[in-house]
Amino acid sequence: MSIWWSLHLRREAASVPLARRFLLGTMETAGVDPDISFDLSVALSEACANAVEHGGDRTALGEPGDTGYGRPAADSGQYRVTAYLDGEKCRIEVSDSGPGFPARRALRPAAPSEQQHTRPALPARDAEAESGRGLDLIQQLSDHVQFGNRPGHGAVVRFDKVLKWREGALLTV
């Protein structure tokens, strides 16, 4: 058995704990080890906080849905969280409608042979910087991470973690 869900959330601070609680509830019900659930919930919170803060520019084209000829669609003021729990792995994806990662931040996905074991290196950052540490934290809490841009549609952060199960869990391999 597997579980899949997707949330479309407003880019508001209140949506971050909502997404986190939804994930924790799902994992608790399924029987995922609490330490793994905690790591994934922190990583999800960081990804959602980034989508809320950087995920769009509501003033770029006026009202939501306003599209000018030849211009990209306006920011919907929303972002999406999708999670898959399937056997031995959980994959979470957070996507927004913002400008995406700057060129120096956008990372290429790992080669297929490296995908399960390699995390792409992020550029070094000032330890005292007020932003940018969330992506590093996601990387540290996950087994595999991809950061990228969807041309004309915003940024996407995708991360996986191998699951451990409590005894008697509903979803086991």
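The values are calculated or read from the model by the stated rules, or taken from the named source; none is laboratory data. Model, not experiment: these values are computed from the prediction. Counting neighbours? That spans all protein chains shown, and the Cβs are built from the backbone with ideal geometry, glycine included.
The table below lists the values:
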| read-out | value |
| --- | --- |
| Residues that are of a type in the set (Lys, Arg) and assigned to a strand (DSSP E or B), drawn from segment 144-167 | Arg150, Arg158, Lys161 |
| Total residues in segment 1-39, condition surrounded by 15 or more Cβ atoms within 10 Å (Cβ to Cβ), part of a loop (DSSP other than H, G, I, E, B) and of a type in the set (Gly, Ala, Ser) | 1 |
| Check on Glu53, under 21 Å from Tyr79 (Cα atoms) and modelled with pLDDT of 95 or more | no |
| Tally, over segment 119-173, of residues that are of a type in the set (A, V, I, L, M) and at pLDDT 65 or above | 13 |
